[in-house]
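A short worksheet on the structure shown next.
The values are calculated or read from the model by the stated rules, or taken from the named source; none is laboratory data. The structure displayed is predicted, hence computed values, not measured ones. Backbone-built Cβ (ideal geometry, glycine too); neighbour counts: all protein chains shown. Remember, those area values only see protein heavy atoms, side chains included, never the ligands or the DNA or RNA. Shrake-Rupley method; radii C 1.70, N 1.55, O 1.52, S 1.80 Å.
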Amino acid sequence: MSEARPAQAVLEARDLSFGYARGRDAVFEKVSLEVAPREIVCLLGGSGCGKSTLLRTLAHLEAPAAGRASGQIRFLGEPLAAPHPRAAMVFQQPGLLPWLDAARNVGFGLGFARQPRLERARREQRVQDALAAVGLAGQGGLYPSQLSGGMAQRVALARALAREPVLLLADEPFSALDAITRAEMQDLLVELVHRWQTAALLVTHDIDEAILVGDRILLMGGAPGRIVREWCVPAQRPRTADAAAFTALRLDILAALHTARAAGTAPAAPVSSPESLPHD
Ligand SMILES: Nc1ncnc2c1ncn2[C@@H]1O[C@H](COP(=O)(O)OP(=O)(O)OP(=O)(O)O)[C@@H](O)[C@H]1O
Ligand SMILES: [Mg+2]
């Protein structure tokens, strides 16, 4: 037997189903997925198929009692019973508090109940390290109104990093940015994942983004949503979206996305095994 898989997944979901209320249709059903240490998994799917709901459920931000949830989530091998301090979310909008400067926004939340207790100096250091990691060293005194959209999203990324996450859960974090800033942020995310040794589950609408950033791509579709296809991305880095190695993959994903959308009202077949395309 091959022992290629890492010993323990950072995140593991088994047969996860969720609906917002009893008696209403499930948003997604029987979703199983894993994220390995230092792996970037991209979650693609049409609008409304349940990607954000799945991500929030995986972060334990959707209270199961308020809706209808079943299945198992394990984080670092343990059943997840509450949001975990080392799973950090990044959203499409930075969500910075306008009355706090960038550094205080980054540090905000480090003192919350579920966070490990940190001395003030250690906390400060984490904030400065996180700001430096996203290219904002020395700019912690700027207020959100003084930041460009890209800088604000860097602060949001720093706020997540300050928790020293082993998993970043990111919901279309770059989709509100212009193309050049988005490309910079995609590169930054890959660099941070490697340098900070975290893993990432990234929800995106953008096939090229998934190919540029992901180690693996999951496609969600159907109603209720399921993971309907899975691809391993050729491991070469750095990547450019127009590289010939990715053309076949892009076309395959696009066709699968269309099929998943067309079948949006029909139950989707469960995924079989990951597919990988040969390198050029
Ligand atoms: N708080 C909520 N209460 C009730 N229903 C909700 C809530 N949030 C989302 N939904 C419903 O759940 C379904 C999935 O929504 P979700 O936002 O997870 O989709 P998505 O795949 O992230 O879409 P998009 O790509 O547009 O962001 C939709 O039908 C949506 O209307
Ligand atoms: Mg969404």
If each Cα of segment 151-197 is one equal point scatterer, what is log10 of I(q)/I(0) from the Debye formula at q = 0.19, 0.20, 0.31 Å⁻¹? -0.58, -0.64, -1.38
For segment 134-230, what is the charge dipole size about the Cα centre, in debye to the nearest 20, if Lys and Arg each add +1 at the Cβ and Asp and Glu each add -1 at the Cβ? 300 debye
From most to least accessible, 1.4 Å probe, no ligand or DNA/RNA atoms counted, His205, His84 line up as His205, His84
Heavy-atom accessible area per residue - the chain, 1.4 Å, Å²: 49 Å²
Of all stretches in the chain that avoid GluC sites (Glu not before Pro) placed in a DSSP loop and having at most 10 other Cβ atoms within 10 Å, the longest is 120-280
May I ask you to give the percent of accessible area on segment 97-164 that is carbon plus sulfur, with a probe radius of 1.4 Å? 52 percent
Choose one answer from Leu97, Leu201, Leu110: the residue with the largest mean-square fluctuation in a GNM of the chain with alpha-carbon springs under 10 Å. Leu97
What is the sum of charges around Ala179, taking Lys and Arg as +1, Asp and Glu as -1, for the other residues whose C-beta is under 12 Å from the C-beta of Ala179? -4
So what is the calculated 222 nm ellipticity per residue for the chain, using -39500 (n - 2.57) for each DSSP H run with n of 4 or more, over all residues, to the nearest 500 deg cm²/dmol? -9500 deg cm²/dmol
I'd like the orientation of helix 179-195 relative to the chain: the angle between its Cα long axis and the longest Cα principal axis, in ° from 0 to 90, rounded to 10. 80 degrees
Share of segment 171-220's accessible area from carbon and sulfur, percent, 1.4 Å? 50 percent
